[in-house]
Ligand code: CTP
């Protein structure tokens, strides 16, 4: 089988050096990559580097190898075009259909999915001209990954950093696997909670659970790759931020509730993948609890935490908002799942059977997605991303039905 053909467009920003890592990941995972830098990108990383890492010729102008009509062929034959970093200038040219070099010509001739990973100073990113160009590109079906927040060139910090190349690679992988040029969650805002809450007993101890957050991160990543704006509320996961996702870090169930309620009014979908502690210690000791010689420990009194899933399901922040819950069961999985779905009042409940290898910390999962309409969608044992895609398939269908 032919290797999937990827065009890596690189425009002229200091983050161009990070595209080398993206290129390496793409080639090592079996893609045939043609790098198309702009002339200004070559000020940052030279053609020799791109050529050596990709194993393919590199040109910036339409005048090289004219007999092969590269300005048309490269775009026509691509399975994916990813532009990383995408500068404000490149976004503007792409939005307006300008074609004054090989990359912009390629963008006009490509009929495959296109991913832009912008990187620039915060002011340039926030400028209405750039925002309008991004909106235009998204409306046409391109995936424009939100820049990350952090250190920029020089002494500045803010939004505008190129996301981690590994995370851009993940977006590319998903987009390539789906191969669709019309992302079905575009224009949607989804909120995903992930990880496990920790309920502090004293400054050094907490009651927690074994949720890794991997399923929630897979949901956030796949939603971003399907064009959604994603808010990820992460409880104690310690994982790198997925590309293009707004991440809100929380610790306890009460903090998680606050973050969900804050994000929900603007959300088309809320997915509660986090393992939320049902109880928390009734009191918090400001100083470390010490053992006393010859004395039994004090019992820990617990109080109920709010049930966030039930609360947001009962009181929808928007008409037509879709709420998805998760449940881990050990016995009578489907019957218990059905009861829980009704009790919580959500639209879908993803029910996992908890067992060895499954669920906690593993890369794989197996589940049944129960729908409030009585539907039952089994998802065979496989990567957590496959389960995430099934959840979004069901959600996207439901969202479209509401329009
Ligand atoms: N959840 C929540 N708020 C809580 C507890 C759970 O929003 N205080 C959400 C979780 O994010 C998940 C679902 O509810 O989507 C899990 O349901 P839960 O009641 O926690 O299941 P169990 O604790 O397993 O319930 P039970 O002990 O009744 O089986």
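The numbers here are math on the coordinates, done by the rules we state, and not lab data. Since we're looking at a predicted model, the values are computed, not measured. Virtual Cβ from ideal backbone geometry, glycine too; neighbours counted across all protein chains shown.
Arranged by the count of other C-beta atoms within 10 angstrom, fewest first, what order do 331, 184, 64 take?
Arranged by neighbour count, lowest to highest, 331, 184, 64 become 331, 64, 184.
Considering the Cα positions of the range 189-402, please state its Rg to one decimal place and its Dmax as a whole number of Å.
Cα only, the range 189-402: 17.8, 66 Å (Rg, Dmax).
Tell me the volume per residue, in Å³, of the convex hull enclosing the alpha carbons of the chain. Show your work: numbers first, answer last.
Working: hull volume 70.7 nm³, N = 403.
Here the figure is 175 Å³ per residue.
Find the Rg to Rh ratio for the range 5-178, where Rh is the Kirkwood radius over alpha-carbon pairs and Rg uses the same atoms. Walk me through the numbers before you get to the answer.
Details: Rg = 14.7 Å, Rh = 15.8 Å.
Using only Cα positions, Rg/Rh for the range 5-178 is 0.93.
List 247, 72, 7, 82 from most exposed to least, where exposure is judged by having the fewest other Cβ atoms within 10 Å.
72, 247, 7, 82
When each pair of different Cα atoms in the range 123-204 is counted once in the 1/r mean, what is the Kirkwood radius in angstroms, to one decimal? Working shown, then result.
Working: mean 1/r = 0.0631 Å⁻¹.
So the Kirkwood estimate lands at 15.9 Å.
Provide, as a two-decimal number, the C-alpha radius of gyration of the range 210-313 over 2.2 N^0.38 Å, N being how many residues it has.
1.34
Would you mind listing how long the range 265-335 runs along its three principal axes, going by Cα atoms, in whole Å with the largest first?
59, 34, 16
So, by mean Cβ neighbours within 10 angstrom, what's the order for 268-276, 373-381, 156-164, 303-311 with the highest one leading?
Answer by packing, highest mean first, reads 268-276, 156-164, 303-311, 373-381.
Taking the alpha-carbon centroid of each part, what is the distance from the range 265-344 to the range 173-217 in angstrom?
For the range 265-344 versus the range 173-217, the Cα centre distance is 16 Å.
Given 4 °C and 1.567 mPa s, how large is the Stokes-Einstein diffusion coefficient of the range 12-104 in µm²/s, with Rh as the Kirkwood radius over Cα pairs?
Diffusion coefficient, whole number: 95 µm²/s.
Which of these, 69, 248, 323, has the largest mean-square fluctuation under a Gaussian network model of the chain (Cα springs below 10 Å)?
69
Give me 211, 29, 59 ranked fewest to most by other Cβ atoms within 10 Å of their Cβ, as a rough exposure proxy. Could the numbers behind the result be given before it?
Numbers: 211 24, 29 13, 59 19.
Listed from fewest to most nearby Cβ atoms, that is 29, 59, 211.
Kindly provide the helix-only [θ] at 222 nm of the chain, computed as the sum of -39,500 (n - 2.57) over DSSP H runs of four or more divided by all residues, to the nearest 500 deg cm²/dmol?
Dividing the helical sum by the residues of the chain leaves -10500 deg cm²/dmol.
Counting only DSSP beta bridges with both residues in the chain, what percent are antiparallel, rounded to the nearest 5?
Bridges in the chain are about 30 percent antiparallel.
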